[in-house]
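The values are calculated or read from the model by the stated rules, or taken from the named source; none is laboratory data. Just so we're clear, the structure is a prediction, and the values are computed from it rather than from any experiment. Because the Cβ atoms are built from the backbone with ideal geometry, glycine has one as well, and the counts that use them run over all protein chains shown.
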Amino acid sequence: MQAWVIGNWKQNPATSDDVDVLLNDLCAAISDIEQVSKDSSARCQLMIAPSLVHLAAVSSRLKATSVLCAGQDVSAHSASTGAYTGECSAQQVVDAGATWTILGHSERRQYHQESNDTLLQKMTHALTQGLGVVFCIGETQAQYDGNQTLTVIDNQLAVVKAFIAEQPELIDSLPTCLIIAYEPVWAIGTGKVPTVTEVSATHQHIKQTLAGFADSLSTMTVLYGGSVNANNANSFAADPMIDGALVGGASLKADSFLTIATAFSQASI
Ligand code: PGA
């Protein structure tokens, strides 16, 4: 199965010059990864989600590579245009060169109070504009401590169920345009990670839940995110339930991103 390694740059880097430096390093690293892929049956699809202000420049630069470009969010209000100051629509994210967008990241849920209703609107706008969606789910530390992980995840996956109910004609296409990223909130940017066994069991639950929504969803890609780095990537990559990684901090250095991508690339052989 093809692995995915996605770099979420969040509100980084600070300047366009810094973006250029990172892109120069990445493009050199990426040509090494593409060489690995050519030399073997390894398959790892790379994707970068820069900040909106850098999206057009990054996507234009990455066009010559196999790396995909993603937004980090889209407007819930309208799929195209409208009087929504500060917002950017799915259509505009596509126009800037992205083919995917992250949705429902815990930082957006936390700082922007994103609810299931809002996320259903965003998912509908993105998918109907032809943008693939990396849909983030995961429990907080208190929910983890209270053994509520699977309940929280089921509640968050209700967005996918509601989307299917509204757009049944799109069900069969979802395995190619919807990716689930399981990111325990307590593991994001903290250096704390769940055990691979815990992640594997949670991914199994996610996959079974999705398959229960529709038969065609039995092949959905489920990524792990939260403090993935060059040192622990191999252990996550070795588990067949973990189809790749959504990487924050370690995606801001080309060498650590390359090491993570290589780990998943080699595990996919
Ligand atoms: P992290 O972030 O890798 O820095 O923990 C992951 C994410 O927020 O997607």
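Listed values, structure above:
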quantity	calculated
Some residue of the stretch 159-173 being at positive phi, out of contact with any Lys or Arg (no Cβ under 6 Å at 6 or more places or on another chain) and either modelled with pLDDT of 95 or more or surrounded by fewer than 19 Cβ atoms within 10 Å (Cβ to Cβ) (or both)	no
Criterion violated by ILE179 - all others in (1) farther than 30 Å from ASN234 by Cβ; (2) within 16 Å of the ligand (Cβ to nearest atom) satisfied	(1)
GLN156, sole failed condition from (1) surrounded by fewer than 19 Cβ atoms within 10 Å (Cβ to Cβ); (2) over 21 Å from LEU46 (Cα atoms); (3) touching a strand residue (DSSP E or B) at 6+ places or on another chain (Cβ under 6 Å); (4) of a type outside the set (Ser, Thr, Tyr)	(1)
From THR219, THR209, THR259, residue being surrounded by 16 or more Cβ atoms within 10 Å (Cβ to Cβ), of a type in the set (Val, Ile, Thr) and more than 20 Å from ALA49 (Cβ to Cβ)	THR209
Residue list for the stretch 225-242, filter: within 14 Å of the ligand (Cβ to nearest atom) and hydroxyl-bearing (Ser, Thr, Tyr)	SER227
Any hit, the stretch 121-143, residues being assigned to a helix (DSSP H, G or I), touching an Asp or Glu at 6+ places or on another chain (Cβ under 8 Å) and closer than 28 Å to CYS69 by Cβ	yes
Matching residues in the stretch 240-269 - criterion: being within 18 Å of the chain's Cα centre (by Cα) and among the acidic types (Asp, Glu)	ASP243
Residue match in the stretch 195-215 (condition: over 20 Å from GLY71 (Cα atoms), in contact (Cβ under 8 Å) with a residue 60 or more places away in the chain and of a type in the set (A, V, I, L, M))	yes
Condition check for THR118: in a helix (DSSP H, G or I) and either more than 20 Å from TYR224 (Cβ to Cβ) or aliphatic (A, V, I, L, M) (or both)	yes
Positions within the stretch 3-33 being surrounded by fewer than 16 Cβ atoms within 10 Å (Cβ to Cβ) and of a type in the set (A, V, I, L, M), in sequence order	ALA14, VAL21, ALA28
Residues that are within 18 Å of ALA162 (Cα to Cα) and either among the hydrophobic types (A, V, I, L, M, F, W, C) or without any contact (Cβ under 8 Å) to a residue 40 or more places away in the chain (or both), drawn from the stretch 110-130	GLU114, SER115, ASP117, LEU119, LEU120, MET123, ALA126, LEU127
LEU55 vs. criteria out of contact with any Asp or Glu (no Cβ under 9 Å at 6 or more places or on another chain), more than 16 Å from the ligand (Cβ to nearest atom) and within 26 Å of ALA267 (Cα to Cα)	no
Residue in the stretch 243-267 that is nearest to CYS177 (Cα to Cα), counting only those that are in contact with an Asp or Glu (Cβ under 9 Å, 6 or more places away or on another chain) and more than 11 Å from the ligand (Cβ to nearest atom)	PHE264
Residue list for the stretch 190-224, restricted to those being among the charged types (D, E, K, R) and either more than 20 Å from THR176 (Cα to Cα) or within 16 Å of the ligand (Cβ to nearest atom) (or both)	LYS192, GLU198
